[in-house]
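The values are calculated or read from the model by the stated rules, or taken from the named source; none is laboratory data. Here the structure is a predicted model, which is why all the values come from computation and not from measurement. Don't worry about glycine lacking a Cβ; one is built from the backbone with ideal geometry, like all the others, and counts go over all protein chains shown. The accessibility values were calculated without ligands, DNA or RNA, using every heavy atom of the protein model including side chains. Shrake-Rupley method; radii C 1.70, N 1.55, O 1.52, S 1.80 Å.
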Amino acid sequence: MKTFLLLLAAGSGRRMGASQNKVFLKIGGKSAVQRCLEAFAGLVDGAMVVHRPEDAQEIARETAPFAPAAFPFLKTAFGGETRQESVEKGFRALRGLGCAKDDLILIHDCARCLVSRELIRRLIDAAAEKGAVIPGISATNTIKVTDGNQVVSTPDRASLSEIQTPQVCRTEWLEEALARAAREHFLGTDDASLLEHAGFPVFIEAGEKRNIKLTTMEDIQMAEIFLGITHMPRVGHGYDVHRFAEGRRLILCGVEIPHPLGLLGHSDADVAVHALMDAMLGAAGLGDIGLHFPDTDQRYKGISSLLLLEQTRELIKDRGYEFGNGDITIIAQQPKLRPYIPQMTETLSRVLEIGPEALNIKATTTEKLGFEGRMEGISAHAVCLLKPVG
Ligand code: MG
């Protein structure tokens, strides 16, 4: 007895509100097609992916990494207008590939991409014994039969199960059930209903709560929770020091400040912006400023640190984060910086594309202690919070 997967990926996902077919939507970096194929890999003797003609290229790209290592064969076929039609077409294609009467067919909705390998194994074992098995979970909500918005009756909850996929049955049963449904123009909402209609016994095996069907964007968020994918804000800290030197301009937070001494450095030596960039890179898990903008690189000689800050903003955006809020402390005995803070805030918030309320800049002295107190240089600390984009 062999087992074959019929993976239904022909739905358009219109209810999702996404422009893309939902089976290609990436969750945690993988599409539903990929997740399903991973789940069934090595557990079946062949697979048929049923899809819409317009998705042919994308399906070919998604399935390519799996054949032939994960499946003895992995083929694709065009689906139909309805789920039942897609099952029929895929089933016919599988039969043409040597699927025999006593083999088992596993019909699975691609949108249930969180199905576990353990459940698949259990269903195959049970179907080998019983002929037709479907996964179900006991209804936890009270379910009403309605007519329009009026309640007609309340079925006993204990007798109700919510049905999932894969639905597994013997090939010859499915063949007969499909033929009978076609003859009698019977349209079922799942595969088991066709078997029931044809008089075959169907058994329920315990399904899984996490085996949800991705229908709305809310389901995607639920799937991310099940997969442990979290989009937490991230915090980072930066610290920098530059020494005073003659013949240099003093630039802090992008603002030139009149002073007899400037800060020495490869770039414009904007110590505060450097600290902020390090905080941002740290929060994004991207290392530090020296890694991205080495002082051995001639491109950065004398460059305005605001241009580097702009690039840092883009680096964190590529990582899926944007600036949440930040706090900078500049430590300088002299000059007095308070009069420049509004201009500093305005300058940096413009570069970061944030509102000025998201950035706090402050200055302090060290009561003449340490290198800052001896006016040998200026240091700066910064912390920032990055938030996931969207
Ligand atoms: Mg620096």
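Skipping prolines and chain starts, which residues have an amide H placed within reach, meaning under 5 Å, of the one on Gly265, given they are 5 or more residues away or on another chain?
none
Select from Arg170, Arg338, Arg210 the residue whose mean-square fluctuation is largest in a Gaussian network model of the chain (Cα-Cα springs shorter than 10 Å).
Arg338
Over region 124-246, with the other protein chains present, what is the accessible area per residue in square angstrom, probe 1.4 angstrom? Walk me through the intermediate numbers first.
Numbers: 7280 Å² over 123 residues.
Ligands and nucleic acids excluded, the figure is 59 Å² per residue.
If we restrict to alpha carbons, what Rg and Dmax does region 28-187 come to, in Å?
Calculated on Cα positions, Rg and Dmax stand at 17.5, 54 Å.
For the chain, find the longest principal axis of its Cα atoms and tell me its angle to the long axis of helix 305-318, 0 to 90°, nearest 10.
It works out to around 10 degrees.
Under the definition of Cα pairs under 8 Å and six or more residues apart, what whole-number percent is the relative contact order of region 1-127? Could the numbers behind the result be given before it?
Details: 200 pairs, mean separation 48.7, N = 127.
With pairs under 8 Å counted, the relative contact order is 38 percent.
Amide H of Gly207 versus every other amide H placed in the peptide plane: which residues, excluding those fewer than 5 positions away on the same chain, fall under 5 Å?
Under 5 Å from the amide H of Gly207 lie the amide H atoms of Gly136, Ile137, each far enough along the sequence or on another chain.
In whole Hz, what ³J(HN,Hα) sequence does region 89-99 give by Karplus (6.51, -1.76, 1.60; θ = phi - 60°), x for Gly and Pro?
5, x, 5, 4, 5, 5, 4, x, 9, x, 6
Using only Cα atoms, tell me the angle between helix 271-284 and the longest principal axis of the chain; keep it within 0 to 90° and round to the nearest 10.
Between helix and principal axis, roughly 10 degrees.
Give the residues of region 280-302 whose amide nitrogen is closer than 12 Å to a point set 7 Å from the Cα of Arg249 in the direction of its Cβ.
Taking a point 7 Å out along Cα→Cβ of Arg249, the residues of region 280-302 whose backbone N falls under 12 Å are 302.
Leaving ligands and nucleic acids out of the surface, order Asp109, Asp295, Asp288 by accessible area at 1.4 Å, largest first. Write out the running numbers ahead of the final one.
Values: Asp109 15, Asp295 105, Asp288 75 Å².
Output order, biggest surface exposure first: Asp295, Asp288, Asp109.
Scan the chain and report its longest stretch carrying no GluC sites (Glu not before Pro) that are both in a DSSP loop and have at most 10 other Cβ atoms within 10 Å. Let's see the in-between values first.
On the way: sites that count: Glu81, Glu184, Glu246, Glu367.
Counting at most 10 other Cβ atoms within 10 Å as exposed, the longest clean stretch of the chain is 247-366.
Taking Cα pairs under 8 Å and at least six residues apart, what relative contact order does region 51-110 come out at, in percent? List each step's numbers first, then the result.
Values: 29 pairs, mean separation 14.9, N = 60.
That works out to 25 percent.
With only Lys, Arg, Asp and Glu charged, each at its Cβ (+1 for the first two, -1 for the last two), find how big the charge dipole of the chain is about the Cα centre; round to the nearest 20 debye.
Details: 44 positive and 50 negative charges, 22 e Å.
In total the dipole reaches around 100 debye.
With only alpha-carbon atoms counted, please give the Rg and Dmax of region 253-316, in Å.
Every Cα atom of region 253-316 included, Rg and Dmax give 11.8, 38 Å.
Bin width 10 Å, origin at 0, all Cα-Cα pairs of region 245-390: what percent of pairs per bin?
Taking all Cα pairs of region 245-390, the binned fractions are 12, 43, 35, 10, 1 percent.
About the Cα centre, and with charges only on the beta carbon of Lys, Arg (+1) and Asp, Glu (-1), how big is the dipole of region 244-340? Nearest 20 debye, please. Provide the component values of the computation, followed by the final result.
Working: 9 positive and 13 negative charges, 49 e Å.
Rounded to the nearest 20 debye, it is 240 debye.
For the chain, what is the relative contact order in percent, using Cα pairs closer than 8 Å and at least 6 residues apart in sequence? All intermediate terms of the calculation are to be shown ahead of the outcome.
Details: 780 pairs, mean separation 53.9, N = 390.
Once divided by the residue count of the chain, the mean separation gives 14 percent.
Could you work out which residue, out of Gly46, Gly302, Gly282, moves most in a Gaussian network model of the chain, that is, has the largest mean-square fluctuation with Cα springs under 10 Å?
In this elastic network of the chain, the residue with the biggest mean-square fluctuation among Gly46, Gly302, Gly282 is Gly302.
Report the accessible area of Val152, computed with a 1.4 Å probe over the heavy atoms of all protein chains in place, in Å² rounded to the nearest 10.
Probe radius 1.4 Å; accessible area of Val152 about 100 Å².
If each residue of separation counts as 0.36 nm, what is the full-extension length gain between Lys213 and Phe73 once their alpha-carbon separation is subtracted? Write out the running numbers ahead of the final one.
Values: separation 140, 0.36 × 140 = 50.40 nm, distance 2.59 nm.
Result: 47.8 nm gained on full extension.
Against the longest principal axis of the chain, how steep is helix 171-183, in degrees 0 to 90 to the nearest 10, with axes from Cα atoms?
80 degrees
So, with +1 on the Cβ of K and R and -1 on the Cβ of D and E, and no other charges, what is the size of the charge dipole of region 1-148 about its Cα centre, to the nearest 20 debye?
Working: 21 positive and 16 negative charges, 47 e Å.
Rounded to the nearest 20 debye, it is 220 debye.
Using only alpha carbons, build the gyration tensor for the chain and give me the equivalent ellipsoid semi-axes, biggest first, whole Å. Please list the in-between numbers first.
Numbers: eigenvalues 823, 99, 53 Å².
That gives 64, 22, 16 Å for the three semi-axes.
Per DSSP H run of at least 4 residues, take -39500 (n - 2.57); add these up for the chain, divide by its residues and hand me the 222 nm value, nearest 500 deg cm²/dmol. Walk me through the numbers on the way to the answer.
Values: 12 runs with 123 residues, N = 390.
-9500 deg cm²/dmol, from helical runs alone.
Please state, as a whole number in µm²/s, the translational diffusion coefficient that the Stokes-Einstein equation yields for region 105-194 at 37 °C and 0.692 mPa s, with Rh defined as the Kirkwood radius across alpha carbon pairs. Present the calculation step by step, with values, prior to reporting the outcome.
On the way: Rh = 15.0 Å.
Estimated via Stokes-Einstein, D reaches 219 µm²/s.
Of all accessible surface on region 57-179 at a 1.4 Å probe, what whole percent is carbon and sulfur? The partial results should precede the final answer.
Working: 2930 of 6130 Å².
Carbon and sulfur together cover 48 percent of it.
Place +1 on the Cβ of every Lys and Arg and -1 on the Cβ of every Asp and Glu in the chain, take the dipole about the Cα centre, and give the residue among Leu174, Leu214, Ala70 whose Cα lies farthest towards its positive end.
Of the listed residues, the answer is Ala70.
Counting only protein heavy atoms and a 1.4 Å probe, tell me what percentage of region 208-318's accessible area is made up of carbon and sulfur. Before the final figure, lay out each step's value.
On the way: 3050 of 5650 Å².
About 54 percent, which is the carbon plus sulfur part of the accessible surface.
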